[in-house]
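Report on one structure; see the data block that follows.
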Amino acid sequence: MAIILCLETATTNCSVGIAENGELIAVREDNNKNYSHAEKLHVFIDEALKEAGLKPEDLEAVAVSKGPGSYTGLRIGVSAAKGLCFALGIPLISIPTLDLLAHKIKDAKGFIIPMIDARRMEVYSAVFDKNYQQLRETKAQILEEASFEQYLSEKEVHFIGNGVLKFEEISKHPNAIFHKSQFPSVTEMGKMAEEKYQKSDTEDVAYFEPYYLKNFIAG
């Protein structure tokens with residue numbers, strides 16, 4: 001049982017939560033298309049702690065979304081998480097962003113494919129079964145009409161994330177279910193972080209880096 005600070009900054013959603021024994025007791029979020037992470041992340045951390053009636057010294061771990069996603073967003077979130085872990089002497093827990101996004105789909109009968117926008121017609125995606133077991137590795141891919149055909153031909157597929165609109169434009173398969181306007185959030189992170197904490201599945205604070213998947217290209 002632990003009190004864990006949860007941070008999600010892999011997309012435009014700046015999301016902060018405090019989880020106690022896997023259940024969120026405070027949440028702060030802002031989904032600004034211009035990215036508000038640099039201005040709001042530490043403010044949200046302070047506000048969430050105050051709402052929960054806690055001080056930083058009460059935290060027992062920090063969990064952070066590890067990517068893939070926005071290069072700048074990931075750097076801000078991971079830097080904040082590592083700084084707090086160093087200062088407080090507590091462990092760092094990383095949660096794969098697409099895994100986090102997949103957990104937004106409840107009671108799926110088929111496959112779950114979270115996808116994060118990676119510019120143009122490219123997305124970061126992975127494939128999960130209804131029990132959130134990963135069936136295909138995370139990768140960057142160019143979307144085509146026939147993308148994911150092997151899964152769509154078998155059973156219904158739930159597509160979720162800010163890359164969904166791109167695929168909806170080119171895929172008219174009857175088994176495709178599109179969950180729009182959904183972003184990774186700490187609302188699904190508490191239980192996942194608690195499970196990792198109980199198994200001591202933590203990162204080396206000094207050497208941990210976000211999972212960018214692709215090299216940064218200045219735009």
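General remarks:
- For Val205, Val62, Val27, order by how many other beta-carbon atoms lie within 10 Å, fewest first: Val205, Val27, Val62
- FRET E, pair Asp46, Arg119, Förster distance 45 Å, beta-carbon r, rounded to 0.05: 0.85
- Least to most buried among Lys40, Lys199 (fewest other Cβ within 10 Å first): Lys199, Lys40
- Paramagnetic label reach from Lys109 (point 7 Å along Cα→Cβ; backbone nitrogen cut-off under 19 Å): within the range 127-142, residues 128-132.
- Residue with peak Gaussian network fluctuation, the chain [Cα springs, cutoff 10 Å], from Ala102, Ala81, Ala176: Ala176
- Computed per residue of the chain from DSSP H runs no shorter than four, each worth -39500 (n - 2.57), the mean residue ellipticity at 222 nm is -8000 deg cm²/dmol.
- Seen against the Cα atoms of the chain and their longest principal axis, helix 37-52 is set at about 60 degrees.
- Sorting Asp46, Asp204, Asp107, Asp30 from the fewest to the most surrounding beta carbons within 10 angstrom yields Asp107, Asp204, Asp46, Asp30.
- On Cα atoms only, tilt of 189-198 relative to the major axis of the chain in degrees: 60
- Out-of-range pairs (alpha-carbon distance over 30 Å; input Lys82/Lys139; Lys33/Lys199; Lys55/Lys214): Lys33/Lys199; Lys55/Lys214
- Estimated FRET transfer efficiency (Tyr132, Lys55; beta-carbon r; R0 25 Å; 0.05): 0.15
- Difference of contour (0.36 nm per residue) and Cα-Cα distance, Asn31 to Glu144: 37.9 nm
- R0 of 30 Å, Cβ-Cβ distance Leu88-Thr187: FRET efficiency to nearest 0.05: 0.80
- Projecting label points 7 angstrom from Cα along Cα→Cβ for Tyr212 and Ser153 puts them 3.7 nm apart.
Readers should treat all values here as calculations from the given coordinates under stated rules, not as data from a laboratory. Small disclaimer: the values here were computed from a predicted structure and weren't measured. Note: ideal-geometry Cβ built from the backbone for every residue, glycine included; neighbour counts use all protein chains shown.
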